[in-house]
1. Could you tell me whether residue 363 is under 25 Å from residue 253 (Cα atoms), surrounded by 14 or more Cβ atoms within 10 Å (Cβ to Cβ) and either in contact with a helix residue (DSSP H, G or I) (Cβ under 8 Å, 6 or more places away or on another chain) or modelled with pLDDT under 90 (or both)?
2. Residues being under 16 Å from residue 111 (Cβ atoms), surrounded by fewer than 19 Cβ atoms within 10 Å (Cβ to Cβ) and either touching a strand residue (DSSP E or B) at 6+ places or on another chain (Cβ under 7 Å) or modelled with pLDDT of 90 or more (or both): count how many of those fall in the range 65-88.
3. For the range 230-261, enumerate the residues that are surrounded by fewer than 20 Cβ atoms within 10 Å (Cβ to Cβ) and touching a helix residue (DSSP H, G or I) at 6+ places or on another chain (Cβ under 9 Å).
4. Any chance you could count how many residues in the range 139-152 are exposed (fewer than 10 other Cβ atoms within 10 Å of the Cβ), more than 33 Å from the chain's Cα centre (by Cα) and either modelled with pLDDT of 75 or more or not in a helix (DSSP H, G or I) (or both)?
5. Only residues that are part of a loop (DSSP other than H, G, I, E, B) and closer than 15 Å to residue 83 by Cβ: list them for the range 314-346, please.
6. How many residues are at positive phi and surrounded by fewer than 16 Cβ atoms within 10 Å (Cβ to Cβ) if we restrict to the range 153-183?
7. Scan the range 208-229 and give yes if some residue there is exposed (fewer than 15 other Cβ atoms within 10 Å of the Cβ), on the phi < 0 side of the Ramachandran plot and in contact with a helix residue (DSSP H, G or I) (Cβ under 7 Å, 6 or more places away or on another chain), otherwise no.
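The values are calculated or read from the model by the stated rules, or taken from the named source; none is laboratory data. Worth saying up front: this structure is predicted, and the values here are computed from it rather than measured. When we count neighbours, we look across all protein chains shown, and the Cβ atoms used for this are built from the backbone with ideal geometry, even at glycine.
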């Protein structure tokens, strides 16, 4: 153990033990006789001191074997920036199992291996998922077109079709089920782009029952998220399910990596279902995290990734934080971030609606990161 690590380990020791150790030194230097009980207490304190340092060092040594993760500011391309309009930050909701104040010591990081030089070895698996999905939808497979490969130059998909349903499986084994004519819900349900939160709750109950064999989670948890407004003042939500779990760590991973989304068309019919799947076979390790308050300090120092064309104007503009994984196709690694919602200057005179932009700070401790740049842009 080098002196720096020993010093770091010692700084975590109960101050009372350090005081006792200092007293031991002063007694010894004055050549006074020390009672046996006092010597025993002193020895116990020193043993505890050294033992704690060894344990602390052992944890750090094991963590130091974790690979360094490169975080680039480059990510998903696109126009505009990731922002939301709302009258108040409380309008923006989700079922994210993490809440501010929750303590998460470590979370796994995965390499994104969905982009391969060749996807041919996956075709058998993709065909199996295609057949399984058709079966779970109770489709007559004898009338279902055998899967064929489509390559648009960006992503390879395996596609199967019937007269009413179109199923596509991508190389991550994610599935999109598209209903060609849309599926009408009973008249009691209102499923639209601007359904209220209560209406979406009712739709969620109905769809969870109707498509329970497709969702097929052990403990399905509804996630009605969104709540942002359009420039015309219309508020909208989105509907997903994820597989709940007993621990926060597992639930947080399922929330991002094991979920099913339902989407309507302009006529209020069920248009398509998306089964999100991610290849998590390449785990880099369980990485120690910083706290939300530490992330906020990094945010205020300008150490963030964002597509928002505005710099932070002050701590008072930071409205909300949540712990998330970024799962974009071009992410090199799936790693946790703290996502901050920051009130930004209104560029369209839409008051009293407020604009909230999102700023991301890596949740993994900085010593395990190689950040290429903090230039504040990831649109590439």
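1. yes
2. Going through the range 65-88 one residue at a time, the tally reaches 4.
3. Matches in the range 230-261: 235, 238, 244, 245.
4. Here the count works out to 1.
5. Going through the range 314-346, the residues part of a loop (DSSP other than H, G, I, E, B) turn out to be 314, 326-332, 335, 345-346.
345, 346 - these are the residues of the range 314-346 that are part of a loop (DSSP other than H, G, I, E, B) and closer than 15 Å to residue 83 by Cβ.
6. The number of residues fulfilling the criteria is 1.
7. Checked against the condition, which is being exposed (fewer than 15 other Cβ atoms within 10 Å of the Cβ), on the phi < 0 side of the Ramachandran plot and in contact with a helix residue (DSSP H, G or I) (Cβ under 7 Å, 6 or more places away or on another chain), the range 208-229 yields at least one hit.
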